[in-house]
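The values are calculated or read from the model by the stated rules, or taken from the named source; none is laboratory data. Because the structure is predicted, anything quoted here is derived from the model rather than measured. Glycine also receives a Cβ, built like all others from the backbone with ideal geometry; neighbour counts cover every protein chain displayed.
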Amino acid sequence: MFWRKQRAAIEGFHPLHRALVLEQGFSVSLPRDQWEPVIQSLAGHEAAVKRRRWRITPRTTRVLVPMLRVLAADMPPEGTLSVALDMRGAKVPEKRGPERPVQVSRPILSMKEWFVFDPWLRMRAELRDGSVVELSVTDRIRHRKYKKRNPRGKVKYKHKTKTVQLVSVTRRLGKGASPRPPGTPPPGWVQVRVKDGNRFTIRASAKLAGPLKDDELRERILHVSTEPFRWTPPGADAGAPGRRTQ
């Protein structure tokens with residue numbers, strides 16, 4: 001009976017919420033106002049679902065939902081918000097790169113290294129000021145598996161990982177708009193590049209030693225997202241995302 005109630009609750013979720021539960025992700029583009037039902041559906045997940053197999057990662061409510069609200073607040077009603085969400089995790093085979101040998105010195109006898117790239121969040125929003133913002137978050141995990149001889153002569157195998165979270169936010173300005181350098185530089189952990197073309201493009205990126213807790217990661221994403229808007233002259237960026245997460 002309990003199983004049937006949980007299944008019925010899932011069937012009542014928004015289709016994108018249901019895809020996240022059953023398929024661990026989705027990729028879709030919707031007008032701004034069509035995202036609010038998705039947010040409301042996700043908000044009721046924990047109350048409706050208790051079985052482990054149907055739980056969703058806290059990243060959904062602590063990172064995705066706040067970013068949806070921040071971007072939607074700065075969009076016109078007809079603006080399109082696109083999201084590609086992949087919560088399958090880093091163990092999916094196609095996310096793993098090739099192995100390569102690493103030069104070692106004793107007491108390590110041999111070592112192999114490979115990287116896993118998990119681009120779990122991508123977003124694109126058309127803002128009311130005519131600019132377009134694209135955001136991506138990728139977990140990069142370095143794996144090292146090695147053979148080591150200890151002082152007693154016994155050979156042991158070790159496996160270590162190191163995670164870095166890559167955040168990139170790109171803002172393509174509207175036609176005729178041009179950037180102006182801000183009065184203060186970005187923090188040292190944020191890199192900013194400006195590219196001239198048909199439209200000016202400002203890209204802010206950061207490499208974060210992780211894995212960070214979801215709340216801290218959200219704050220870092222918001223901080224990086226602020227940088228491309230500091231390059232817009234006052235009065236031309238009324239729709240720039242702030243740090244609202246409500």
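Limited to the stretch 46-58, what total is found for residues that are surrounded by fewer than 12 Cβ atoms within 10 Å (Cβ to Cβ) and part of a helix (DSSP H, G or I)?
Matching residues across the stretch 46-58 total 3.
Can you tell me how many residues within the stretch 168-219 are farther than 19 Å from L121 by Cβ, surrounded by 18 or more Cβ atoms within 10 Å (Cβ to Cβ) and either of a type in the set (V, I, T) or in contact with a Gly (Cβ under 6 Å, 6 or more places away or on another chain) (or both)?
Final tally of qualifying residues: 3.
Counting only residues that are surrounded by fewer than 14 Cβ atoms within 10 Å (Cβ to Cβ), charged (D, E, K, R) and free of Cβ contacts under 8 Å to residues at least 12 places away in the same chain, which one in the stretch 1-45 is farthest from E78 (Cα to Cα)?
Looking at residues that are surrounded by fewer than 14 Cβ atoms within 10 Å (Cβ to Cβ), charged (D, E, K, R) and free of Cβ contacts under 8 Å to residues at least 12 places away in the same chain, I get R4.
Being out of contact with any helix residue (DSSP H, G or I) (no Cβ under 8 Å at 6 or more places or on another chain) and either exposed (fewer than 14 other Cβ atoms within 10 Å of the Cβ) or modelled with pLDDT under 95 (or both) narrows it down to one of K145, K160, so name that one.
Just one listed residue meets the conditions, K160.
Evaluate the stretch 85-93: report whether one residue or more is part of a strand (DSSP E or B) and within 30 Å of L173 (Cα to Cα).
Step one: of the stretch 85-93, the residues part of a strand (DSSP E or B) are 85-86.
Retained after the next criterion (residues that are within 30 Å of L173 (Cα to Cα)): 85-86.
Taking every residue of the stretch 85-93 in turn, at least one turns out to be part of a strand (DSSP E or B) and within 30 Å of L173 (Cα to Cα).
Looking at R32, R69, R88, R18, which is the one that is at negative phi, at pLDDT 95 or above, in contact with a Gly (Cβ under 6 Å, 6 or more places away or on another chain) and basic (K, R)?
Numbers: R69 fails: in contact with a Gly (Cβ under 6 Å, 6 or more places away or on another chain); R88 fails: in contact with a Gly (Cβ under 6 Å, 6 or more places away or on another chain); R18 fails: in contact with a Gly (Cβ under 6 Å, 6 or more places away or on another chain).
Just a single option satisfies the conditions, and that option is R32.
May I ask you to verify whether R171 is touching a residue at least 40 places away in the same chain (Cβ under 8 Å) and in contact with a helix residue (DSSP H, G or I) (Cβ under 6 Å, 6 or more places away or on another chain)? If you could, list the steps in order and put the result at the bottom.
On the way: touching a residue at least 40 places away in the same chain (Cβ under 8 Å): yes; in contact with a helix residue (DSSP H, G or I) (Cβ under 6 Å, 6 or more places away or on another chain): yes.
The answer is yes for R171.
Of everything in the stretch 72-92, what is farther than 19 Å from G25 by Cβ and either crowded, with 18+ Cβ neighbours inside 10 Å or of a type outside the set (V, I, T) (or both)? Give them in sequence order.
If we filter the stretch 72-92 for residues that are farther than 19 Å from G25 by Cβ, which is where we start, we get 72-80.
Those that are farther than 19 Å from G25 by Cβ and either crowded, with 18+ Cβ neighbours inside 10 Å or of a type outside the set (V, I, T) (or both): A72, A73, D74, M75, P76, P77, E78, G79.
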